[in-house]
Amino acid sequence: MRVLILETTFATMSLAVDLARQGLLVTRADDAEDALAFADNATQDVAIIDADVPDTPAATLIRRLRSHHPDLAIILTAPRGDLGARLAALAAGADDAVSHGVPAAEITARIEAIVRRYRGTPQSDLRLGNLTLDLAARQLRVGTTDVPLARLEFALFEFLARRPGQVLSRDAIMDHLYGLDDSPDQRIITAYICHIRSKIEAAGGDAGIIRNHWGRGYSVAAPARNDAPLPWVATAPEAAEAAIARLAA
């Protein structure tokens, strides 16, 4: 999940670090114009806005974000006791408002709950055949066996799994994983996909649940309950790209 956070106070700068430690992908903005530009140019799941915005009132920024990005979850952070800022943010379209000092684990849980509602998935577990994506624990399992995904591997699989059946291009995946930061060659996506499939298969799961749509991108779709697992074998181009990406990483 990618979080856009407006770092205008020490509280939000500390929160950005803590959210990254929680495993979230963080885009940092310095002011309202940066936040709007980042929201326009890279897919964000949630925006965290501090009440102290240097170049525009926080409520105005929230209205602009809500107008341009109706599916973007928005949370305001404000000093303790600043009820006026929290009420103004909620009236402007924020989904939640919290006080400075709320632990990152709680804010992560609030983010997850809000984003689930936006995505139409009320449960914290996504069931994909015999795979379970535990969004709260940030863990993929096959039955009761954990699949040991690295941070960006989990972020990639989560990005696909939250949009089942939707084909996501490599550009969209790269934007999600790296935001506007410098990023490696796009062939790294092939390496990540191969690693995820291999780890799922090693845990007894259906590696074919990640589908490759040549020239278009990738998707995740749970097989029908009575379907046999989909066999997966890396094709020659896929295997070659994965090898090149591993050498370049």
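No value in this document is a laboratory result; all are computed from the given coordinates. All figures in this text were calculated on a predicted structure; none of them were measured in a lab. Quick reminder, even Gly has a Cβ in these numbers, built from the backbone with ideal geometry, and neighbours come from all protein chains shown.
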C-alpha center-to-center spacing [the stretch 89-107, the stretch 140-217] in angstrom: 30
Extreme residue, positive dipole direction of the chain, given options Val26, Ile173, Gln139 (C-beta unit charges): Gln139
Mean shadow area of the stretch 2-119, taken as a quarter of the surface of its Cα convex hull (nm²): 6.1
Helix-derived mean residue ellipticity, 222 nm - over the chain, DSSP H n ≥ 4, -39500 (n - 2.57), to 500: -13500 deg cm²/dmol
Measure of compaction for the chain (Cα Rg per 2.2 N^0.38 Å): 1.07
Most to least packed among 72-79, 30-37 [average Cβ atoms within 10 Å]: 72-79, 30-37
Neighbour-count order for Thr12, Thr56, Thr144, fewest beta carbons within 10 angstrom listed first: Thr144, Thr56, Thr12
Protection proxy ranking, peptides 57-65, 147-155, average beta carbon neighbours within 10 Å, highest first: 57-65, 147-155
FRET E, pair Asp40, Asp146, Förster distance 30 Å, beta-carbon r, rounded to 0.05: 0.20
Cα-based helix-to-principal-axis angle, 151-161 vs the chain, degrees rounded to 10: 90
Between 0 and 90°, nearest 10: helix 10-21 axis offset from the chain longest Cα axis: 10
Cβ-based exposure ranking for His176, His100, His68, in which fewest neighbours within 10 Å come first: His68, His100, His176
Estimated FRET transfer efficiency when R0 is 35 angstrom, pair Ser183-Val102 (beta carbons, to 0.05): 0.65
